[in-house]
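Working notes, structure below.
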Amino acid sequence: MSKGLEVNVPVEFSLDEAIYNCRAMRKLKADEVPEELLIKLVDAARQAPSGSNTQNSRWIVVRDPHVKRRLAEQNRKFAEPYIRPALEGNLGTKQLSPEKHRRQLQAVVWQIEHMHEIPALIVACFDYPEKVDGLGIYRASSSVWPGVQNLLLTARALGLGAAPTTLALRDQDAIREILNLPATFAALCLIPVGYPMGNFGPVRRRPVSEIMRFDTWNQAQET
């Protein structure tokens with residue numbers, strides 16, 4: 001990031017508040033997000049750990065309507081067949097009641113229909129020594145994901161909604177063409193960002209007792 005893009009946007013928000021109230025916000029207003037806030041998100045993302053401090057994560061903040069529409073088309077192409085079985089099958093999961101599952105799916109459908117209207121689509125990329133495709137793009141790019149989490153938590157602290165998705169990025173060559181990326185880049189995560197239509201609140205997660213053990217996994221402890 002060049003010095004001309006450095007910003008200092010204070011964030012008065014506790015870490016606990018951000019972590020425990022960071023819902024995935026898919027339904028976002030079309031209202032413009034100030035540029036300094038978008039830069040702040042990437043500034044926070046770049047503070048994340050990086051293997052050997054190589055700092056090979058790259059961030060594209062898409063605001064151009066034409067480019068957003070092309071990304072939205074890629075998302076629709078892969079998201080619709082992915083979500084269709086859930087929409088046509090029996091609603092409800094182990095963690096969600098049928099009603100909550102329905103609302104979740106409706107938010108995903110809304111995002112498919114309106115992604116091009118969301119003010120900013122942030123694409124997290126990784127720059128490899130050479131072009132990489134298929135599963136290979138995930139083998140050396142783990143440094144991207146801590147940055148994504150930093151971005152999500154900072155968005156929450158700034159009152160912005162965000163939710164990561166990877167479905168839109170399945171055709172890497174198409175994404176490289178849309179974003180004019182070098183051949184050595186791969187796009188790992190797309191994060192729509194905007195002011196939320198809904199309300200922030202606590203996330204629903206399994207209790208620690210169900211997902212954690214000390215030392216080894218003792219099946220006898222399971223409830």
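The values are calculated or read from the model by the stated rules, or taken from the named source; none is laboratory data. This structure is a prediction, so every number in the text was calculated from the model and none was measured. Every residue, glycine as well, gets a Cβ built from its backbone with ideal geometry; the counts of neighbours run over all protein chains shown. The protein model used for the area step is the full one, side chains on, heavy atoms only, and it has no ligands, DNA or RNA in it. Shrake-Rupley method; radii C 1.70, N 1.55, O 1.52, S 1.80 Å.
Hey, can you tell me all the residues within segment 163-185 that are in contact with a Cys (Cβ under 9 Å, 6 or more places away or on another chain), outside any helix (DSSP H, G or I) and among the aliphatic types (A, V, I, L, M)? Selection gives Leu181 alone. For segment 131-162, the set of residues classified as more than 13 Å from the chain's Cα centre (by Cα), in a loop (DSSP other than H, G, I, E, B) and touching a residue at least 12 places away in the same chain (Cβ under 8 Å) consists of Lys131, Val132, Asp133, Ala140, Ser141, Ser142, Ser143, Leu158, Gly159, listed by residue number.
Taking the stated definitions as given, is Lys27 at pLDDT 75 or above and not hydrophobic (A, V, I, L, M, F, W, C)? First the steps, then the outcome.
On the way: at pLDDT 75 or above: yes; not hydrophobic (A, V, I, L, M, F, W, C): yes.
It is true that Lys27 is at pLDDT 75 or above and not hydrophobic (A, V, I, L, M, F, W, C).
Regarding segment 148-160, can at least one residue be identified that is open to solvent by less than 30 Å² (accessible area, probe 1.4 Å), at pLDDT 95 or above, of a type outside the set (S, T, N, Q) and closer than 12 Å to Val123 by Cα? The answer is yes; a qualifying residue exists. Within segment 188-201, restricting attention to residues that are of a type in the set (Gly, Ala, Ser) and assigned to a loop (DSSP other than H, G, I, E, B), the residue that is surrounded by the fewest Cβ atoms within 10 Å (Cβ to Cβ) is Gly201. Within segment 202-214, the set of residues being closer than 14 Å to Ile19 by Cβ and either surrounded by 10 or more Cβ atoms within 10 Å (Cβ to Cβ) or touching a Ser or Thr at 6+ places or on another chain (Cβ under 6 Å) (or both) comprises Val203, Arg205. The single condition among (1) in contact with a Leu (Cβ under 8 Å, 6 or more places away or on another chain); (2) at pLDDT 95 or above; (3) open to solvent by 80 Å² or more (accessible area, probe 1.4 Å) that Cys125 does not satisfy is (3). Could you go through segment 37-55 and let me know if any residue there is at pLDDT 75 or above, charged (D, E, K, R) and farther than 22 Å from Ser143 by Cα. Scanning segment 37-55 turns up no residue that is at pLDDT 75 or above, charged (D, E, K, R) and farther than 22 Å from Ser143 by Cα.
Do we find a residue being part of a helix (DSSP H, G or I) and more than 16 Å from Glu113 (Cβ to Cβ) anywhere in segment 19-29?
Step one: list which residues in segment 19-29 are part of a helix (DSSP H, G or I), which gives 19-20.
Still in the running and more than 16 Å from Glu113 (Cβ to Cβ): 19-20.
Yes, some residue in segment 19-29 is part of a helix (DSSP H, G or I) and more than 16 Å from Glu113 (Cβ to Cβ).
Within segment 27-54, the set of residues being open to solvent by 40 Å² or more (accessible area, probe 1.4 Å) and either free of Cβ contacts under 8 Å to residues at least 24 places away in the same chain or of a type in the set (Gly, Ala, Ser) (or both) comprises Ala30, Pro34, Glu35, Gly51, Ser52, Asn53.
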